[in-house]
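Data first, discussion second: the structure below is written as structure tokens.
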Amino acid sequence: MHAISRWAVTSVIALILAAASFTTIAADEVSHDKLMNMIQAAKTPADHEAIAKVYDQQAAQDAANADAHTRTASLYRGIDPTGGGRGSGQMAIHCKNIADSYTRAAKEHKDLAALHRKLATEAH
């Protein structure tokens with residue numbers, strides 16, 4: 001019974017963390033289609049700075065999602081949903097893999113922001 005209660009509490013906490021990470025949306029979030037239009041039309045330094053800002057915001061959101069999944073993974077470590085003791089860690093591995101993906105995405109978005117800032121300095 002104790003293992004089931006622990007499992008239930010941990011599951012609720014994990015769901016709350018996951019929901020919070022996916023519902024955090026910047027007020028000035030730009031849709032993918034709008035970003036594509038911005039990229040196609042970019043000619044001025046201000047155009048490239050605006051694109052860089054979008055990528056910076058996405059990198060920040062990716063980093064927040066990575067953090068949330070890292071925390072969720074720490075909740076799952078050592079939990080066996082069958083109540084039989086230490087588990088195989090599949091749930092923690094799942095969350096860690098997602099966190100790693102978000103970390104890589106954050107780096108890529110930061111790199112894209114830097115490239116657009118470089119284009120901004122070169123634009124006439």
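If we count other beta carbons within 10 Å of each Cβ, what is the order of 115, 75, fewest first? Write down the numbers at each step before the final one.
Values: 115 14, 75 17.
Lowest to highest Cβ neighbour count: 115, 75.
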Margin query: List the lysines whose Cα sits under 30 Å from the Cα of residue 96, skipping any in the same chain fewer than 8 residues away.
Written below: 53, 107, 110
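Residue separation times 0.36 nm, minus the C-alpha to C-alpha distance between residue 39 and residue 74: what's the value?
Values: separation 35, 0.36 × 35 = 12.60 nm, distance 3.88 nm.
Full extension from residue 39 to residue 74 adds 8.7 nm.
To the nearest 0.05, what FRET efficiency results for residue 67 and residue 46 with a Förster distance of 25 Å applied to their C-beta separation?
Values: r = 32 Å, r/R0 = 1.27.
The pair residue 67/residue 46 has a calculated efficiency of 0.20.
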Next item on the list: Rank the residues 35, 112 as a footprinting-exposure proxy: fewest other Cβ atoms within 10 Å of their Cβ go first.
Entry: 35, 112
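No lab work stands behind these numbers, since they all come straight from the coordinates. Just so we're clear, the structure is a prediction, and the values are computed from it rather than from any experiment. Here Cβ is always computed from backbone atoms with ideal geometry, including for glycine, and neighbour counts include all displayed protein chains.
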